[in-house]
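Step one of this worksheet: look at the structure below.
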Amino acid sequence: MWAEKLGKQLGHPTRSVAGWLVSKMLTVRNRVLEENAVQLCGIQPGDTVLELGHGPGLGLQSAAKLVTGPTGHLIGVDYSEYMHQMAREQMKELVASGKVTLHHCDVAAMPLADSTVDKVFHCNCYYFWPDLRKGAAEIRRVMKPGGLMVTTLKLSSVATFAAKRVLPAANWRPESYMEALIDSGFTDVRMEDKLFKHIVFQAIYATALK
Ligand SMILES: C[S@@+](CC[C@H](N)C(=O)[O-])C[C@H]1O[C@@H](n2cnc3c(N)ncnc32)[C@H](O)[C@@H]1O
């Protein structure tokens, strides 16, 4: 019962006691995943960088320190109104300056022009998409040719245990997402095990072929 409730809130946090607890959990437990995804992307100062399912906004805040060039721009999308507002509040100065743009929308339908994004990252997010191929195709659509996408995940954690209770098994497997990426026209799709300060996690890489 508690695992299902937690799993639902992880997939779409709402403004509620459970949603607030999940936002605290994400902030404390997922910093390593978010910060490593940012590092693994190889962000350059002038890049346009996109985070999918940003949650409270830890990864966006970390990436904002790297997107320092005059053309550098950071975009975040999340379909939870609560997470969208929380990230907006956390980064109000960056949003006001135009360095960061946040969209309250679904990954499968982003209000972004074709071939405009250099780097994409996301953490603990793809499992919740109802259609992995639709999500992967939309990511590729907005990416520039040769752009890099990195996703980080932890295959063993309390959160993943809870999320698995509410998700179809096919969505959960990294292989399903990697197949969707290949079918949507990504190349060099691979997964690596990573170790950071005694924490084991996985990183999936994919390059947009166009
Ligand atoms: C488990 S949380 C992870 C948040 C953050 N990336 C982290 O690791 O702490 C998943 C996030 O993805 C968002 N999300 C899930 N499916 C989405 C979709 N189809 N479109 C946009 N956002 C989505 C949820 O609203 C939630 O904020």
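The values are calculated or read from the model by the stated rules, or taken from the named source; none is laboratory data. Bear in mind the structure is a predicted one, so any value in this text is a computation, not a measurement. With ideal geometry, Cβ positions are generated from the backbone for all residues, glycine too; neighbour counts draw on all protein chains shown.
Here are a few things to note about the model shown:
- Within the set LEU10, LEU60, the sole residue that is under 22 Å from VAL142 (Cα atoms), assigned to a helix (DSSP H, G or I) and near the ligand (Cβ under 10 Å from one of its atoms) turns out to be LEU60.
- Flag if THR151 is closer than 19 Å to MET191 by Cα and either touching a residue at least 60 places away in the same chain (Cβ under 8 Å) or within 14 Å of the ligand (Cβ to nearest atom) (or both): yes
- Residue within the stretch 158-170 that is modelled with pLDDT of 95 or more and in contact with a Leu (Cβ under 9 Å, 6 or more places away or on another chain) present: no
- For the stretch 27-53, a residue qualifies if it is without any contact (Cβ under 8 Å) to a residue 60 or more places away in the chain and either buried (at least 23 other Cβ atoms within 10 Å of the Cβ) or within 13 Å of the chain's Cα centre (by Cα) (or both), and the qualifying residues are ARG31, GLU35.
- When we screen GLU4, GLU35 for residues that are modelled with pLDDT of 95 or more, charged (D, E, K, R) and either in contact with an Asp or Glu (Cβ under 9 Å, 6 or more places away or on another chain) or assigned to a helix (DSSP H, G or I) (or both), the only hit is GLU35.
- For the stretch 42-57, a tally of residues being closer than 21 Å to HIS103 by Cα and more than 10 Å from the ligand (Cβ to nearest atom) returns 6.
- Among residues of the stretch 54-73 that are on the phi > 0 side of the Ramachandran plot and of a type in the set (Phe, Trp, Tyr), none has a Cβ under 9 angstrom from a residue that is in a helix (DSSP H, G or I) and buried (at least 19 other Cβ atoms within 10 Å of the Cβ) at a sequence gap of 6+ or on a separate chain.
- Test result for LYS5, within 15 Å of the ligand (Cβ to nearest atom), of a type in the set (D, E, K, R) and more than 18 Å from the chain's Cα centre (by Cα): yes
- Candidates are the residues of the stretch 63-116 that are within 16 Å of the ligand (Cβ to nearest atom), of a type in the set (A, V, I, L, M) and assigned to a loop (DSSP other than H, G, I, E, B); the one that is surrounded by the fewest Cβ atoms within 10 Å (Cβ to Cβ) is ALA109.
- Criterion (buried (at least 16 other Cβ atoms within 10 Å of the Cβ) and within 11 Å of the ligand (Cβ to nearest atom)) met by exactly one of ALA163, ALA136: ALA163
- Top-ranked residue of the stretch 117-133 - restricted to ones that are over 14 Å from the mean Cα position of the chain (by Cα) and in a loop (DSSP other than H, G, I, E, B), ranked as nearest to the ligand (Cβ to nearest atom): PRO130
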